[in-house]
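Below is one structure; the comments refer to it alone.
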Amino acid sequence: MSGGILERIVEVKRVRVEAARRHVPEARLRVAAEARRDIRPFFERLRSAGPSGANIIAEIKRASPSKGPIAPGLDPAALASAYAAGGAAALSVLTETDFFRGSPEDLARARAAAPLPVLRKDFIFSPYQVYESAAMGADALLLIVRILTVSELADLAQLTADLGLEPLVEIHTEEDLAAARAAGARLIGINNRNLSSFATDLDHTLRLLPRLAPGQVAVAASGIRSGEEIQRYRSAGVYNFLIGESLVRSENPAGFLKQLMGDGK
C-alpha cells in the first residue's frame, strides 16, 4: 500500500486497535467470538440472484473522506428497518470512527432492528479485529486486499471462516484479484473507486468480471445510483451490489431500494 488517504486511515486505525487491545485483551474477544451461535448466513444470500434478479447490500454510512458528512445524524435502527422493508439482501455498516464517523454501536443497533445478515465494513488487518467483529455481532467482514500482504489476507480470511463469518474480499486491480484467488476468497467485492485517487469508474467492475475464477461471486461496489446502472450490470452477469451514499441520502430508502431492483416504479 502506498501514499494517500488510505495509508493515513490505516495508520490511525493501527493506533486505535492498539488502544483497544490494551482495554480489552484479545483472549477475551476470542472467547466471545467463539461463543457466537446467532450468525446469520451472508454468502447464502448472495450466492445466486434474488427474486428481483439483484441482491443489494444496503449500507449505513455517516461520512466518508472524499465526501465529508453524508448523514451524520442518521438512526441506524430506523435505516436498517427501512432497508429490510425495501428488500435488501444484507446490511453493511461502517464502524470506522475517525474518517467515516461510524461505530460498533451503529452495527449493534442496525442488527437488532432487522433480521438481515450484517457486514462490518472497516479497515481490518489483524486477528484482533476479526475476533472483535464476531464479538460485536457482525456476520461478515470486509478484507481490503490493498492494505494486506497475500499471507495476511489468507490468514485473516481463514480465521474469519473458522469463526463462521464470511470474508468479503475487496479488490480493485488484477493483482488484487490474484491475491484474493490465492487466499481462496469466494466473495469478491470489485470496487469501482480507486482508493488512491477516489476516482470512480462504473465500467471497472465489467472489465474485471471476466477475470474471476469459477465459483467466485462478484459484488459491484461504489458509484451505483440507478436501476438502469444495475440493469446494465445484470446484463453482464453481476447480480450483487453494495450501495451506500445514494441510499443514505434518499428521503425514502425503502422505496428507492425497490426502484433500484425494478419494483415499485
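The values are calculated or read from the model by the stated rules, or taken from the named source; none is laboratory data. If you're wondering where the values come from, they're calculated on a predicted model, not measured in any experiment. Backbone-built Cβ (ideal geometry, glycine too); neighbour counts: all protein chains shown.
Computed quantities for the displayed model
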| read-out | value |
| --- | --- |
| Pair list, Cβ < 9 Å and 6+ apart or interchain, from segment 107-121 residues that are in contact (Cβ under 8 Å) with a residue 40 or more places away in the chain and under 17 Å from residue 164 (Cα atoms) to residues that are surrounded by fewer than 24 Cβ atoms within 10 Å (Cβ to Cβ) and hydroxyl-bearing (Ser, Thr, Tyr) | none |
| Of all residues in segment 138-149 being of a type outside the set (A, V, I, L, M, F, W, C) and part of a loop (DSSP other than H, G, I, E, B), the one that is farthest from the chain's Cα centre (by Cα) | 149 |
| Qualifying residues in segment 52-74 (those that are within 15 Å of residue 95 (Cα to Cα) and touching a Gly at 6+ places or on another chain (Cβ under 7 Å)) - the one surrounded by the most Cβ atoms within 10 Å (Cβ to Cβ) | 61 |
| Residues (of a type in the set (A, V, I, L, M) and farther than 13 Å from residue 59 by Cα) located in segment 221-262 | 230, 236, 238, 260, 261 |
| Residue check for residue 34: buried (at least 19 other Cβ atoms within 10 Å of the Cβ), closer than 22 Å to residue 168 by Cα and acidic (Asp, Glu) | no |
| Meets criteria (modelled with pLDDT of 95 or more, charged (D, E, K, R) and either more than 21 Å from residue 14 (Cβ to Cβ) or in contact with an Asp or Glu (Cβ under 6 Å, 6 or more places away or on another chain) (or both)) for residue 132 | no |
| Selection from segment 146-170 of residues that are within 21 Å of residue 209 (Cα to Cα) and among the acidic types (Asp, Glu) | 166, 170 |
| Selection from segment 235-251 of residues that are surrounded by fewer than 20 Cβ atoms within 10 Å (Cβ to Cβ) and either touching a Leu at 6+ places or on another chain (Cβ under 6 Å) or more than 28 Å from residue 78 (Cβ to Cβ) (or both) | 235, 236, 237 |
| Among residues of segment 116-137, those that are more than 11 Å from the chain's Cα centre (by Cα), assigned to a loop (DSSP other than H, G, I, E, B) and either of a type in the set (A, V, I, L, M, F, W, C) or over 18 Å from residue 16 (Cβ atoms) (or both), counted | 5 |
| Segment 85-115, subset surrounded by 18 or more Cβ atoms within 10 Å (Cβ to Cβ) and part of a helix (DSSP H, G or I), residue farthest from the chain's Cα centre (by Cα) | 113 |
| Number of positions in segment 212-265 that are under 28 Å from residue 141 (Cβ atoms), part of a loop (DSSP other than H, G, I, E, B), in contact with a Lys or Arg (Cβ under 7 Å, 6 or more places away or on another chain) and of a type in the set (Gly, Ala, Ser) | 5 |
| Test for residue 58: is it out of contact with any Pro (no Cβ under 6 Å at 6 or more places or on another chain) and in a strand (DSSP E or B) | yes |
| Number of the exception - residue 202 against (1) buried (at least 18 other Cβ atoms within 10 Å of the Cβ); (2) among the aliphatic types (A, V, I, L, M); (3) not in a strand (DSSP E or B) | (1) |
| Scan of segment 184-203 for residues that are under 20 Å from residue 154 (Cβ atoms) and either among the hydrophobic types (A, V, I, L, M, F, W, C) or at pLDDT below 90 (or both), ordered by number | 185, 187, 188, 190 |
